[in-house]
Amino acid sequence: MKLRSSNKIETNRWELEIEIEPDVFSKEVDKVYNRQKGKITVPGFRKGKAPRAFIEKFYGEGVFYEDAINALYPKALEDAAKVAGIELVDDKIDFETVKMGKEDGFIFKVKVTVMPEVSVENYKGIEIKKVEAEKVTDKDVEAEIEKARNKASRLVNCEDGEAEMGDITNINFEGFVDGEKFEGGTADDVTLELGSGQFIPGFEEQIAGHKIGDEFDVKVTFPESYHVPTLAGKEAVFKTKLNKIQKKELPEVNDEFVKDISEFDTLDEYKKDIKEKIEHSKKHVAEDKAENEMIEKFIELVKADIPEALIRNKTKDLIRDFEYRLQPQGIALKDYIKYTGITEEKLNEQFKPQAEKHVKLDLGLRKVAELEKVEVTDGEIEEEYKKIAEGYRLKPEQVKNFVRKEDITADIKKRKVLEIIRKARVEK
C-alpha cells in the first residue's frame, strides 16, 4: 500500500488517494482466480477447466477485480489512515476508482470522516461541592430489620375476616372498558400482595375489606402514561372474586431471630453490622454524587466539533443496551415501541443527549490521556483480561478472542485519566 496524498477538505473530513501496487493487486487477482475457477463455465470447456485467459476474454479482463478489491481494500484503508495520522470514524465513505488494471494496480480515492480535534483546558482543579454521606439513623436500621422479618415471615391462611392491606390475596378478575372486555384484562388465580403497588393505582385498596368468596367490582382509571396507548387514561371496571387471604406471621426480633437469619449471636451485634453496611452504602452514594458532578463539569471543558456520525453510532449503542435491559422482563424492543406508541425517531431523540455526553466524555478522556502521556503496561492488560475472564467464567485466552487488546488498553487509560482528574479536584 502507498499513500499517494492526504488532504483535509473540510471539518473532520479528509480525502486520501491510495495505491495498491501492481504486484500486490496481481497476486490477489491470482488468488481470486484460483478460488473461483472451479465454478466458472466457458463455452467449449468443461466446468472448471477453462484457462484464465479464456475466462478473462469471455467475461472481461476485470472479472476477478471486484473480489480482489474487496479483499485488499479494508487493510489498505486502515494502513493509509495510520500513515496519514488520522483516525477514521465508522461512517459513510465516498469512494472513487482512479485506475485499475494489471499495469496500474489499483488506485482509488476516499473521502472519510475522522476523529475531531479536541481541546481540554483546566481539567485539573475542577471544583465540586463537598458531599457528606448521610448519617445512619435508628429508623434506617429498623427498616432493614423489618425487611429481614418480612423475608423470614410465614404465611397463614385466613378463613374468616376481611382482607387488609399487607395481606397476600388470590383473586380472579375480568376487565371492562366502556362495557367491553379488553385484551390482557382477564386472569384467574392471581397472587397479589395488597399495598405492593403491583396493580393499577387504587386497585389493591378496593380488595381490602372483602371476605373470601366475595364478588365485587373494582373501579379504576388507567394512568395517562400507561404502556398500552388504547387504555391510557380510560376508566375500567374489573369484576373481581376474592379466592384466598393469607396473612404474614412475622417473627419476634430477638437473639434467637438473629441466630436464625445471620452469622451473629445477638441482636446488638446484628444491628451494629447493619449500621456499618448502611454507612458503607451511604458513603458510596455520596462518592457517586461527587463523581457525577466532577464528570459533568469535565464534559463542559471538552471543546470539539463532533461529527454527527459519532453521536449517531453512540445513540445506536445506547438503544442496543436498552434493548438488552428489556429482555429479562420478556419485552422485545419492537413491542416496547408498539405499546408505548413511541416512534423509532423519537426513541433516537430521547437517547441522543445522553449519547452526546458519552462521546464528549470519551473524547475528553482520550485527549487528557495524550496530554498526560498515560501508558498501559502489558501486565495491566493481562490483569484486565483475567478480571473479565473471571466475570464470565472463561479462560483469559478465550476472552482475547472477542475483546480486542486496543479496547482493553483504551478502557484502562480512561480509568487512569479519571484518577488523575479525581485526585486534582477541589471540594468546597
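Dividing the mean sequence gap of close Cα pairs (under 8 Å, 6+ apart) by how many residues the chain holds gives a relative contact order of 16 percent.
Helix 65-84 and the longest principal axis of the C-alpha atoms of the chain enclose an angle of approximately 80°.
With the Cα gyration tensor of the stretch 212-285 in hand, convert its eigenvalues to equivalent ellipsoid semi-axes via √(5λ) and list them largest first in whole Å. Please list the in-between numbers first.
Numbers: eigenvalues 392, 117, 10 Å².
Taking √(5λ) for each Cα gyration eigenvalue gives 44, 24, 7 Å.
Directionally averaged projected area (the stretch 75-130, Cα convex hull): 6.6 nm².
Size estimate for the stretch 154-249 follows the Kirkwood approach: the inverse of mean 1/r over distinct Cα pairs works out to 13.7 Å. Per the Cα gyration tensor, the chain maps to an equivalent ellipsoid with semi-axes of 61, 35, 23 Å, ordered largest to smallest.
Bridging of LYS151 to lysines at a Cα separation below 16 Å is possible for LYS247, LYS248, LYS259, once same-chain residues fewer than 8 apart are set aside.
Computed from Cα atoms, the angle from the helix 405-424 axis to the main principal axis of the chain rounds to 60 degrees.
Most simply put, the chain has about 95% antiparallel DSSP beta bridges, counting only bridges with both residues inside it.
In the stretch 28-42, which residues have a backbone nitrogen under 19 Å from the label point lying 7 Å from MET1's Cα in the Cα-to-Cβ direction? Output list for this probe position: 28-29. Given Cα positions, please report Rg to Rh for the stretch 1-128, the hydrodynamic radius being the Kirkwood one. Rounded to two decimals, Rg over Rh is 1.22.
Spacing of the modelled spin labels on ASN70 and PHE54, each 7 Å from Cα toward Cβ, amounts to 2.6 nm. Put a dot 7 Å past each Cα toward the Cβ at ASP104 and TYR226; how far apart are the dots in nm? For the pair TYR226/ASP104, the computed spacing is 6.8 nm.
For the set LYS92/LYS316; LYS27/LYS57; LYS124/LYS416; LYS289/LYS423; LYS289/LYS400, the pairs lying more than 24 angstrom apart at their alpha carbons are LYS289/LYS400.
Seen against the Cα atoms of the chain and their longest principal axis, helix 344-371 is set at about 70 degrees. Working value for the stretch 287-339: equivalent-ellipsoid semi-axes of 30, 18, 7 Å, each the square root of 5 times a Cα gyration tensor eigenvalue, largest first.
No lab work stands behind these numbers, since they all come straight from the coordinates. None of these values were measured; they are calculated from a predicted model. Positions of Cβ are backbone-derived with ideal geometry, glycine not excepted, and every protein chain shown enters the neighbour counts.
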